Amino acid sequence: MLKPMDEAELSAAVRDADGPLWIEGGGTRGPGPMTNGTRLSTAGLSGITLYEPGALTLVARAGTPLAEVETTLAAENQRLAFEPMDHRVLLGTKGEPTIGGVVAANVSGPRRIQAGACRDSLIGVRFVDGRGDIVKNGGRVMKNVTGYDLVKLMAGSFGTLGVLSEVGFKVLPKTAVQATVVVGGLDVAAGIAVLSRALGSSFEVSGAAYRDGRAMLRIEGFANSVAYRAERLQGLLASFGAVTVNTEGVVQTWRDICNAAVFAGTDHDVWRISVKPGDGAAVAARLAGADLLFDWGGGLVWAGVAPGNDLRGRLAGIAGHATLVRAARDTHAALGTFHPEPAGVAALSAGLRAQFDPRGILNPGRMG
């Protein structure tokens with residue numbers, strides 16, 4: 001395994017590679033579908049290089065443990081806006097999540113509906129492309145983009161365009177109080193209708209999920225504001241059924257939703273399905289019998305199914321994509337991890353990879 005300790009060593013490792021490289025951060029997502037290639041770990045590229053709490057800005061090397069970033073921010077009563085998922089819960093893996101891995105997979109949790117995805121908080125990146133060249137884009141403020149927005153391009157590219165060496169974020173203050181407004185006794189269609197009604201209100205919902213007949217809505221802020229908004233949401237949603245407000249265990253409830261913890265330890269294959277929130281009920285109808293968790297107001301559907309089953313055919317005609325997150329390697333190989341791209345998108349993707357990785361050595365097959 002290659003483990004460069006600084007950006008120069010990373011550049012040399014990529015430049016001198018004579019075959020495929022399997023790029024990983026903390027290894028929390030497992031080996032994935034690719035079976036060949038030399039492992040290249042970014043874990044040696046660690047440390048926070050800039051933190052300005054007053055400017056709500058943090059820059060860290062890609063291999064910095066996510067826990068270190070979150071602890072540093074918490075000391076100043078701040079947080080990452082996008083609430084990244086911890087894949088170890090779902091996948092049963094070990095290792096330590098890194099901030100570069102979060103960016104490479106664009107990992108975003110329940111607060112995405114309010115604060116945006118990881119890529120929306122990202123303000124700068126440094127990375128090494130497939131030639132071994134060091135590339136920098138962005139900076140320390142949000143309005144700094146000129147020319148190509150490589151910052152957004154790198155988020156969610158899974159190391160196929162370059163190996164991240166440093167990332168910069170705009171961060172947010174932590175909130176003082178959280179509460180969960182719950183409406184029970186609902187089928188999927190009614191549950192998603194509740195989520196849509198609340199998200200369309202002025203009450204600043206920061207989490208909107210549905211599971212086992214319960215629509216759950218998170219509100220955050222100062223105590224008086226949370227109490228007022230919870231009361232108003234109770235009135236707004238009373239026509240759907242009994243509404244309760246929970247103030248205990250809120251952090252753990254939403255951490256479990258974020259981490260899809262209901263599937264931990266089961267023998268299901270687990271799929272991550274992204275659709276328009278209004279299509280969530282249609283997804284449930286097509287996947288009758290599957291174990292489902294809805295997040296993002298119904299737009300993100302986690303589905304647990306019997307091993308080896310391809311859900312994509314059953315979802316034909318519903319706009320969106322389905323990603324196989326947890327399955328045996330043979331299943332990944334047979335079904336493909338990512339949703340097949342339309343011809344036009346596939347051509348654009350191939351063109352980008354040819355530009356950034358002309359030798360085709362960076363995670364080949366990772367997004368196949």
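Tabulated data for the structure shown
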{"quantity": "Tally, over region 196-253, of residues that are more than 15 Å from Val177 (Cβ to Cβ) and touching a residue at least 24 places away in the same chain (Cβ under 8 Å)", "calculated": "22"}
{"quantity": "Test for Gly221: is it modelled with pLDDT under 95 and in contact with a helix residue (DSSP H, G or I) (Cβ under 8 Å, 6 or more places away or on another chain)", "calculated": "no"}
{"quantity": "Qualifying residue in region 23-35 (condition: among the polar types (S, T, N, Q), under 28 Å from Asp267 (Cβ atoms) and more than 17 Å from the chain's Cα centre (by Cα))", "calculated": "yes"}
{"quantity": "Residues located in region 216-252, provided they are under 16 Å from Gly297 (Cα atoms) and of a type in the set (Val, Ile, Thr)", "calculated": "Ile219"}
{"quantity": "Asn259, sole failed condition from (1) more than 26 Å from Gln114 (Cα to Cα); (2) in contact with a Leu (Cβ under 9 Å, 6 or more places away or on another chain)", "calculated": "(1)"}
{"quantity": "Residue check for Arg214: in contact with a strand residue (DSSP E or B) (Cβ under 8 Å, 6 or more places away or on another chain) and at pLDDT 95 or above", "calculated": "yes"}
{"quantity": "Residues (farther than 16 Å from Asp357 by Cβ and of a type in the set (D, E, K, R)) located in region 102-141", "calculated": "Arg111, Arg112, Arg119, Asp120, Arg126, Lys136, Arg140"}
{"quantity": "Residue in region 200-207 that is among the hydrophobic types (A, V, I, L, M, F, W, C) and not assigned by TED's automatic domain parsing to the domain that holds Val103 present", "calculated": "yes"}
{"quantity": "Flag for Gly191 being assigned by TED's automatic domain parsing to the domain that holds Ala306, crowded, with 19+ Cβ neighbours inside 10 Å and not in a strand (DSSP E or B)", "calculated": "no"}
{"quantity": "Residue that is nearest to Arg126 (Cα to Cα) [pool: residues in region 65-109 that are in contact (Cβ under 8 Å) with a residue 12 or more places away in the chain, surrounded by fewer than 17 Cβ atoms within 10 Å (Cβ to Cβ) and among the aliphatic types (A, V, I, L, M)]", "calculated": "Ala67"}
{"quantity": "Among (1) under 28 Å from Phe338 (Cβ atoms); (2) touching a helix residue (DSSP H, G or I) at 6+ places or on another chain (Cβ under 7 Å); (3) surrounded by fewer than 19 Cβ atoms within 10 Å (Cβ to Cβ), the one test that Ser201 misses", "calculated": "(1)"}
{"quantity": "Strands (runs of 3 or more DSSP E) contained in region 8-121 and holding at least 2 residues of a type in the set (Ser, Thr, Tyr)", "calculated": "38-41, 48-52"}
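The values are calculated or read from the model by the stated rules, or taken from the named source; none is laboratory data. For clarity, every value in this text was computed on a predicted model and none was experimentally measured. Here Cβ is always computed from backbone atoms with ideal geometry, including for glycine, and neighbour counts include all displayed protein chains.
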